[in-house]
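I have a structure I would like to understand better, so I am pasting it below and will then ask my questions one at a time.
Every number in this text was worked out from the coordinates using simple rules, so none of it is lab data. These numbers were taken from a predicted model, which means no experiment stands behind them. Quick reminder, even Gly has a Cβ in these numbers, built from the backbone with ideal geometry, and neighbours come from all protein chains shown.
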Amino acid sequence: MSSGILLIVGLGNPGAEYANTRHNAGAWFVSEIANAANVTLRHDNKYSGLHGIAKLHGQECHLLIPTTFMNHSGQSVKALASYYKIPPESILIAHDEIDIPAGIVRLKFNGGHGGHNGLRDIISHLSSKEFYRLRIGVDHPGNSKDVVDYVLAPPRKAERQAIDDALQAAEGILPLVITGQFQKAMQLLHSS
């Protein structure tokens with residue numbers, strides 16, 4: 001296990017037409033962290049993403065929002081992780097999760113991709129499942145045939161508020177995550 005998180009990645013799709021869709025919940029989270037830390041995320045071709053380095057809770061942490069489409073997120077994550085020699089277990093991937101209600105966020109280490117194309121590509125590029133995931137609940141449309149249209153649509157106003165509140169709660173446990181106190185972070189996050 002690592003001592004803490006050195007890279008936080010927020011998954012989403014590039015472009016204005018996707019900016020407010022459920023699939024971009026991970027990108028919303030990283031944008032929030034960057035704003036709070038007063039860090040400007042700048043496009044870097046080397047990593048195919050928006051990148052910045054924030055001083056979070058006494059530690060330097062890379063922030064990354066891939067500018068590839070979701071199903072190619074792995075190339076961006078791999079490029080940055082390889083360049084800075086960041087092992088998978090020091091990476092936190094923030095992503096939308098349809099199997100969790102909107103307004104709930106869960107922290108998890110390891111596991112499969114659960115049908116999430118961004119995670120699938122990251123696992124493939126890193127050749128590892130052993131990274132942390134911040135699973136941001138966006139709810140399920142009810143029918144598996146509707147999932148693609150659902151995640152590529154904006155949440156309703158009340159839903160977006162619930163997601164934003166959950167992201168704030170997740171920001172609240174960042175000091176623990178950054179410093180490697182994962183069990184404590186999970187207890188706090190999962191009991192709220």
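By counting other Cβ atoms within 10 Å of each Cβ, how are His23, His190 ranked from fewest to most? Kindly include the intermediate steps, with their values, before the conclusion.
Values: His23 23, His190 12.
Lowest count first: His190, His23.
Classify the stretch 81-192: rounded, prolate or oblate, from the alpha-carbon gyration tensor (a ≥ b ≥ c, eigenvalue square roots; a/c under 1.5 rounded; otherwise prolate if a/b is larger than b/c)? Could you put the intermediate results ahead of the total?
Values: a/c = 2.21, a/b = 1.23, b/c = 1.80.
Taking the square roots of the gyration eigenvalues as a ≥ b ≥ c, the stretch 81-192 is oblate.
Turning to a different aspect of this structure: When the helices in the chain are scored as -39500 (n - 2.57) per DSSP H run of 4 or longer and the sum is shared across all residues, what 222 nm value do you end up with, to the nearest 500 deg cm²/dmol? Let's see the in-between values first.
Values: 7 runs with 69 residues, N = 192.
One gets -10500 deg cm²/dmol as the mean residue ellipticity at 222 nm.
Right, something else. For the stretch 7-191, what is the charge dipole size about the Cα centre, in debye to the nearest 20, if Lys and Arg each add +1 at the Cβ and Asp and Glu each add -1 at the Cβ?
On the way: 17 positive and 17 negative charges, 67 e Å.
Here the size comes out at about 320 debye.
Another question, then. Given labels modelled 7 Å from the Cα in the Cβ direction, how far is it in nm from Glu130 to Ala19?
The two pseudo-label positions are separated by 4.0 nm.
Continuing with the same structure: Just report the Cα centroid separation between the stretch 134-162 and the stretch 49-102, whole Å.
Centre-to-centre (Cα) distance: 22 Å.
Under a Cβ-Cβ cut-off of 15 Å, what is the net charge of the residues other than Asn38 that fall near it, where Lys and Arg count +1 and Asp and Glu count -1?
Details: positive: Arg42, Lys55; negative: Glu32, Glu60, Glu171.
Net of charged neighbours comes to -1.
Relative contact order, percent, of the stretch 51-122 when contacts are C-alpha pairs under 8 Å separated by at least 6 residues? Before the final figure, lay out each step's value.
On the way: 49 pairs, mean separation 25.2, N = 72.
35 percent.
What FRET efficiency comes out for the pair Ala36/Lys184, r = Cβ-Cβ distance, R0 = 25 Å, nearest 0.05? Walk me through the numbers before you get to the answer.
On the way: r = 21 Å, r/R0 = 0.83.
My answer for the efficiency is 0.75.
For the chain, just say rounded, prolate or oblate: build the C-alpha gyration tensor, square-root its eigenvalues into a ≥ b ≥ c, call rounded for a/c under 1.5, and beyond that prolate if a/b exceeds b/c, oblate if not. Before the final figure, lay out the partial values.
Details: a/c = 1.38, a/b = 1.19, b/c = 1.17.
It is rounded, given that a/c, with a ≥ b ≥ c, falls under 1.5.
Could you sort 120-127, 150-157, 37-44 so that the peptide with the highest average Cβ count within 10 Å comes first and the rest follow in order?
120-127, 150-157, 37-44
With an 8 Å cut-off on Cα pairs and a minimum separation of 6 or more residues, tell me the relative contact order of the stretch 7-191 in percent. Please list the in-between numbers first.
On the way: 379 pairs, mean separation 44.8, N = 185.
Reported relative contact order: 24 percent.
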